[in-house]
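Below is one structure, written out as structure tokens; comments come after it.
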Amino acid sequence: MSPCSRAVFHSVLVLGAVLSCYGDGDPELRQATTHKPVRLFTDEDLARYNGEQEDQPIYMAVKGAVFDVSAGKEFYGKGAPYNALAGKDSTRAVAKMSLEPEDLISDTTGLTEEQLKSLDDIFENVYKKKYPIVGYTAQRILNDDGSPNSGFKPEDQPHFKIKDEF
């Protein structure tokens, strides 16, 4: 099984486990899950929405939340100043206010307290207020080996209303 297939497989398992925890005994919640599933993005999935194709939305992730930044096409679209951030989890780059290729990753290891505070501020006051969340990165739900991340809690996710989305 390829790493991508393994990640998708494990994502389905994790989602099923969470659904069984939250869906038992609540028919309305179970019905909602069939209409609006949460979308998980692998790195490969997210890369398809990098602003290079006119007929597709532009997505980027910050802190594992995938935002549709198409409304900011003049910033994130093809040839735009922040296009490097599109199509990937650019958490580190946002924290450092950097467009350097080595910063276009989700890892926040070694960031200063000031950079982490800046990241939280931009996440809350720019991305969450300005752009809709369309899903989450698989990294947010799965560990590197594809096993479920036991620290993932749907109720702690931004814009994630279990009854409406899961």
Give me the dipole magnitude in Debye, nearest 20, for region 59-149 about the Cα centre, with unit charges on the beta carbon: positive for Lys and Arg, negative for Asp and Glu.
420 debye
Amide H contacts of Val66 (H built 1.01 Å from N, under 5 Å, at least 5 apart or other chain):
Val134, Gly135, Tyr136, Thr137
Which far-off residues, 5 or more places away or on another chain, put their amide H under 5 Å from the one on Leu142, with H placed in the peptide plane?
Asn149
Residue-wise, which Karplus ³J(HN,Hα) couplings in Hz belong to region 110-117, taking 6.51 cos²θ - 1.76 cosθ + 1.60, θ = phi - 60°, and x for glycine or proline?
x, 6, 6, 4, 5, 5, 5, 5
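Quick note: the coordinates plus some simple rules give every number you see, no bench work behind them. All values derive from a computational prediction rather than experimental measurement. Cβ atoms come from the backbone with ideal geometry, glycine included; neighbour counts cover every protein chain shown.
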